[in-house]
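Here's the structure, in structure tokens; my notes come after.
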Amino acid sequence: MKRDLYKCGVKAPTTKQKQMIIKDKTFKEDEVISRDFEGATFVKCKFTNLNFHFTNFTNCIFKVCDFSGSTFDITNFTKCFFPESKLSSLDFGSCDIKDCNFSGAVINNSIFQKMTGAKNEKKLFNLTGSNFENTDLMGTVFSFCNLEKVVFKDSVLVGCVFEKCNLKETDFSSANIESVNFENSKIDKTILDIEGFIKFGNSKGFVLSK
């Protein structure tokens, strides 16, 4: 039996939500578990303190939405956009992220790291096709991620950690990379502007010669 999920007179199917604009809604856990959302636009919605389990979002827009305190368990984001949304203090390890645009989002102190097996060994997290341009990523950790050709232009990366990541042709131009750690990451044609070089060097104790 179908139920009125959004209190807006629209009857939602149990598996897919298509071509919908959903505003100012606070979601409950049973409204996201084992659900497929396709082509939906969420505006000023709250997805706080939820456990996303077997949830799929495809071609969705999250504008000024809040995911604070939530956890992800087998959750997929495909071709989604998160302008001005809050994605801080989240663990994306159980997410599959494909061709998503995080431009304009706030993602502080979150972690992008996949673990596999009983020994919790690290698994490559493929984030190629993602866009982190003009994103606030202060304190966020990327561990064993493929970030080849990913754009971080104009982003705040203060205190970020890139551990064992593929940063080939990754674009950090005009980004604030003060105190960034590139531990054991692959640096190959990685793009920095002169200001980025100076900030990174200063944070490591280097000074320019006079």
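Taking the criterion of being closer than 17 Å to L90 by Cα and either aliphatic (A, V, I, L, M) or surrounded by fewer than 17 Cβ atoms within 10 Å (Cβ to Cβ) (or both), the residues of region 33-53 that qualify are T48, N49, L50, N51, H53. What do you reckon, is F182 closer than 30 Å to K44 by Cβ and either touching a residue at least 60 places away in the same chain (Cβ under 8 Å) or not small (G, A, S) (or both)? Against the criterion (closer than 30 Å to K44 by Cβ and either touching a residue at least 60 places away in the same chain (Cβ under 8 Å) or not small (G, A, S) (or both)), F182 does not qualify.
Residues in region 59-79 that are in a strand (DSSP E or B) and under 18 Å from F27 (Cα atoms): I61, F62, K63, D66, T71, F72, D73, T75, N76, F77. Whenever a residue of region 21-39 is assigned by TED's automatic domain parsing to the domain that holds I61, its partners that are among the β-branched types (V, I, T) and in a loop (DSSP other than H, G, I, E, B), lying with C-beta atoms within less than 6 angstrom and at least six residues away or across chains, give the pairs D36/T15. Taking D73, is it surrounded by fewer than 18 Cβ atoms within 10 Å (Cβ to Cβ) and outside the structural domain of I198 (by TED's automatic domain parsing)? Yes: the conditions hold for D73. So, in region 161-193, of the ones that are farther than 11 Å from N146 by Cα and of a type in the set (G, A, S), which residue ends up surrounded by the most Cβ atoms within 10 Å (Cβ to Cβ)? Per the stated criteria, the residue is A175. Restricted to region 136-160, and to residues there that are β-branched (V, I, T) and within 15 Å of I111 (Cβ to Cβ), the residue that is surrounded by the most Cβ atoms within 10 Å (Cβ to Cβ) is T140.
Among residues belonging to region 111-128 that are more than 15 Å from F92 (Cβ to Cβ) and not polar (S, T, N, Q), point out the one that is modelled with the highest pLDDT. Here the answer is E121.
The values are calculated or read from the model by the stated rules, or taken from the named source; none is laboratory data. Predicted model only: the values in this text are computed from it and were never measured. With ideal geometry, Cβ positions are generated from the backbone for all residues, glycine too; neighbour counts draw on all protein chains shown.
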